[in-house]
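The values are calculated or read from the model by the stated rules, or taken from the named source; none is laboratory data. In this text, all values refer to a predicted model and were calculated from it rather than measured experimentally. Cβ sites come from the backbone with ideal geometry, for glycine too, and all protein chains shown count toward neighbours.
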């Protein structure tokens, strides 16, 4: 394809515009990734485990529980938190999620108070089965994923 010299300013303008658009998209993607990688730490009381945990032997899953924050950002707010394999103590997790999930919580019981490190970007951390019994009545609330769960 041959270009005339009169076309170069237009081609240059298109090249600059596409470069700026690409740079803007990369900046937006980077800031979204940074937000997901910057977890929030709260102290919260476990107020609702909606049902018995499913068995762990059939499949891996994350289970959503309701907490009320009692310290840190989001104080006094009700939040929904997904925990990976809640039947297993955090230190006993030895599979592919070991590099993601940690803490010293051994079991989950209503009334327990935990110090949690959470990410609001659950789908970037967990893509497997999600047992969420709140979904039928509350599909708008953020589901946080617990990266760290320690007794408070």
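A compact table of results
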item: Checking residue 125 against (1) in contact (Cβ under 8 Å) with a residue 12 or more places away in the chain; (2) over 20 Å from residue 54 (Cβ atoms), the condition it does not meet; result: (2)
item: Out of 88, 47, 64, sole residue that is surrounded by 12 or more Cβ atoms within 10 Å (Cβ to Cβ), out of contact with any helix residue (DSSP H, G or I) (no Cβ under 7 Å at 6 or more places or on another chain), assigned to a loop (DSSP other than H, G, I, E, B) and at pLDDT 95 or above; result: 88
item: Candidate set: segment 101-132, residues that are surrounded by fewer than 15 Cβ atoms within 10 Å (Cβ to Cβ) and in a loop (DSSP other than H, G, I, E, B); chosen: the one nearest to the chain's Cα centre (by Cα); result: 127
